[in-house]
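Colleague: Have a look at this one.
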Amino acid sequence: MIIIMKHGATTEQVGNITQYIERWGCKPHISAGAETTIIGVIGDVRRVDRDQIALMDGVESTVRILRPYKLVGRDFHPMDTLVNVNGVVVGGEKIVVMAGPCAVESREQLIETAWAVKNAGASMLRGGAYKPRSSPYSFQGLGEDGLKIMAEARDLTGLPVVTEVMDPQMIPLISDYADLLQVGARNMQNFALLAALGKNNRPVLLKRGMMSSIEELLMAAEYILANGNDQVILCERGIRTFETYTRNTLDINAVPLVKQLSHLPMIVDPSHATGKWELVEPTSRAAVAAGADGLIVEVHPRPEEALSDGAQSLKPDRFAQLMRNIQPIAAALGRSL
Ligand code: PEP
Ligand code: MN
C-alpha cells in the first residue's frame with residue numbers, strides 16, 4: 001500500500017501515519033518529494049486498515065500495490081535513484097561506460113587496458129579477480145593478487161573499479177579494493193550473498209540471471225534494498241533462448257521495461273549478451289537508444305591470448321570506435337558520455 005499525503009501535510013501528520021503503520025507490525029518508507037510526501041507500507045499490509053488511514057489528517061489517498069517488489073518499484077519511489085560509485089554517478093544524464101578485460105590476467109595486461117579504455121572515454125574499469133567459470137579446470141582468476149592490480153590501476157588512472165564477488169565471506173576483502181561489487185548472472189539468486197551485500201556499504205552491480213525473468217531480477221534487487229543498501233545498478237546481459245548463433249539473446253525489452261518498473265539504474269552488457277565481438281558495437285548502440293544508463297564492455301589488448309571470453313572482447317581501437325559511435329545516439333537523447 002502507498003499513502004499519498006496532501007500537499008503541505010505536516011511532519012506531525014506524517015508521524016501519526018508512520019506510528020499507525022508500525023502499530024500493525026509494518027514498516028513505513030517515506031519518500032518526501034518537492035510537492036507531496038508518499039509513504040510506502042512494507043510488510044503484511046493485510047492487517048493495516050486502508051479505510052481508516054484514508055480518514056486520517058493530511059491523507060490525500062491510498063493505493064494498493066500488488067507488485068511484490070516494494071522498495072525497488074517506482075510506486076514507492078517515483079524519482080530515479082542515482083548510484084554514486086566513488087564519484088561516478090550512474091542513473092543521471094551521463095551514460096556510464098565500464099570497460100576492461102573479462103579477467104585480470106597480469107599487471108601489464110590490466111594497466112595497458114585501463115589506460116586504453118580511459119583514453120577512449122570509459123568512466124570505470126572492469127576486471128574479474130574471482131571468476132565463476134563453468135568448468136573447474138578453466139582459469140579461475142588471480143584472486144587477491146588480481147584485486148591488488150585492479151586497485152593499482154584505479155590509483156594510476158583515476159577510474160573506479162568493478163569486480164565480481166561470488167561468496168558472502170569475500171565481501172570484506174573485495175570491498176577493501178573495489179568501488180563497485182558485481183553479482184554475476186550465476187549468483188543472481190544467491191540470497192545469502194544478496195542479503196550480505198544489503199548490509200555492506202559498497203554499491204552493487206546486479207546482473208540478470210541467464211534464465212531469470214525481469215520480475216526475478218527485481219526481486220533479487222529487493223533483497224539488497226530490504227537489507228539496507230539502495231545503491232544498486234541492474235544489468236541486462238542476455239538470456240538463454242533457442243538461438244545458437246549467439247551466446248545469449250540480448251533482451252532489449254528489459255531496458256525500457258525495467259526503467260518503467262523501477263527507479264534503479266539499468267545498464268547493458270553487450271559482450272556476454274552476444275558472445276561475439278562483431279555484435280558488441282551494434283548492440284551497444286541499441287542499448288543506448290533504448291535508454292540504458294550505461295554499458296559494461298569487455299576489452300582486451302590481445303583477445304586471441306585472453307584466458308577467458310576472448311571471442312567477445314574488443315581490441316582497444318574497436319572500443320574507441322564504439323565510444324565514438326554511441327556518442328551521437330546519447331546526444332540525440334539529451335545524454336552525454
Ligand atoms: C563477467 O562479467 O565477466 C561475467 C562472468 O558475466 P555474467 O555473470 O553476466 O556471465
Ligand atoms: Mn566475461
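Colleague: Can you run down the residue pairs with Cβ atoms below 7 Å, 6 or more apart or on separate chains, where the first is in the range 69-88 and within 27 Å of SER123 (Cα to Cα) and the partner is among the aliphatic types (A, V, I, L, M) and in a loop (DSSP other than H, G, I, E, B)?
Modeller: VAL72/LEU264; THR81/LEU264
Colleague: Kindly state which strands (runs of 3 or more DSSP E) lie completely within the range 35-137 and contain at least 3 residues that are hydroxyl-bearing (Ser, Thr, Tyr) and at pLDDT below 95. Outline the logic, then answer.
Modeller: Details: elements: 37-42, 59-63, 83-85, 88-90, 96-100, 124-126.
No strands (runs of 3 or more DSSP E) qualify here.
Colleague: Using the structure shown, decide if GLY127 is closer than 27 Å to GLN321 by Cα and in contact with a helix residue (DSSP H, G or I) (Cβ under 6 Å, 6 or more places away or on another chain). Full working, then the answer.
Modeller: Numbers: closer than 27 Å to GLN321 by Cα: yes; in contact with a helix residue (DSSP H, G or I) (Cβ under 6 Å, 6 or more places away or on another chain): yes.
Here the answer is yes, as GLY127 does meet what is asked.
Colleague: Something else now. Is it true that some residue in the range 191-206 is basic (Lys, Arg), within 13 Å of ligand 1 (Cβ to nearest atom), in the same structural domain as ASP145 (by TED's automatic domain parsing) and touching a residue at least 12 places away in the same chain (Cβ under 8 Å)?
Modeller: Taking the range 191-206 as the starting set, the residues that turn out to be basic (Lys, Arg) are 199, 202.
Checking which are within 13 Å of ligand 1 (Cβ to nearest atom) leaves us with none.
No: zero hits.
Colleague: Now for a separate question. Given the condition out of contact with any strand residue (DSSP E or B) (no Cβ under 6 Å at 6 or more places or on another chain) and either within 16 Å of ligand 2 (Cβ to nearest atom) or β-branched (Val, Ile, Thr) (or both), answer yes or no: does some residue in the range 188-204 qualify?
Modeller: Step one: filter the range 188-204 for residues out of contact with any strand residue (DSSP E or B) (no Cβ under 6 Å at 6 or more places or on another chain), giving 188-196, 198-201.
Add one more test, that the residue is either within 16 Å of ligand 2 (Cβ to nearest atom) or β-branched (Val, Ile, Thr) (or both), and what stays is 188.
Yes, some residue in the range 188-204 is out of contact with any strand residue (DSSP E or B) (no Cβ under 6 Å at 6 or more places or on another chain) and either within 16 Å of ligand 2 (Cβ to nearest atom) or β-branched (Val, Ile, Thr) (or both).
Colleague: Then there's this: Pick from PRO136, PRO132: which is within 14 Å of ligand 2 (Cβ to nearest atom) and surrounded by fewer than 15 Cβ atoms within 10 Å (Cβ to Cβ)? Spell out how you get there, then give the answer.
Modeller: Numbers: PRO136 fails: within 14 Å of ligand 2 (Cβ to nearest atom).
Testing whether each residue is within 14 Å of ligand 2 (Cβ to nearest atom) and surrounded by fewer than 15 Cβ atoms within 10 Å (Cβ to Cβ) leaves just PRO132.
Colleague: Could you name every one of the helices (runs of 4 or more DSSP H) located completely within the range 156-240 that has at least 1 residues being surrounded by 23 or more Cβ atoms within 10 Å (Cβ to Cβ)? Spell out how you get there, then give the answer.
Modeller: Working: elements: 171-177, 191-199, 214-226.
Counting at least 1 such residues, we get 191-199, 214-226.
Colleague: If you don't mind, another one. Hey, among SER123, SER175, SER134, SER106, which residue is within 18 Å of GLU298 (Cβ to Cβ), under 19 Å from the mean Cα position of the chain (by Cα) and polar (S, T, N, Q)?
Modeller: Numbers: SER175 fails: within 18 Å of GLU298 (Cβ to Cβ); SER134 fails: under 19 Å from the mean Cα position of the chain (by Cα); SER106 fails: under 19 Å from the mean Cα position of the chain (by Cα).
Of SER123, SER175, SER134, SER106, the one residue that is within 18 Å of GLU298 (Cβ to Cβ), under 19 Å from the mean Cα position of the chain (by Cα) and polar (S, T, N, Q) is SER123.
Colleague: Please work out if ILE174 is away from ligand 1 (no atom under 15 Å from the Cβ) and either under 19 Å from LEU295 (Cα atoms) or not acidic (Asp, Glu) (or both). Don't jump to the end; show me each part of the working.
Modeller: Values: away from ligand 1 (no atom under 15 Å from the Cβ): no; either under 19 Å from LEU295 (Cα atoms) or not acidic (Asp, Glu) (or both): yes.
When the stated conditions are applied, ILE174 does not pass them.
Colleague: Something else now. Do you know which residues across the range 207-224 are touching a helix residue (DSSP H, G or I) at 6+ places or on another chain (Cβ under 7 Å) and either more than 16 Å from ligand 1 (Cβ to nearest atom) or without any contact (Cβ under 8 Å) to a residue 40 or more places away in the chain (or both)?
Modeller: First, the residues of the range 207-224 that are touching a helix residue (DSSP H, G or I) at 6+ places or on another chain (Cβ under 7 Å): 207-210, 214, 218, 220, 223-224.
Listed by number, the residues that qualify are GLY209, MET210, LEU218, ALA220, TYR223, ILE224.
The values are calculated or read from the model by the stated rules, or taken from the named source; none is laboratory data. None of these values were measured; they are calculated from a predicted model. Note that we place each Cβ from the backbone using ideal geometry, even for glycine, and neighbour counts take in every protein chain shown.
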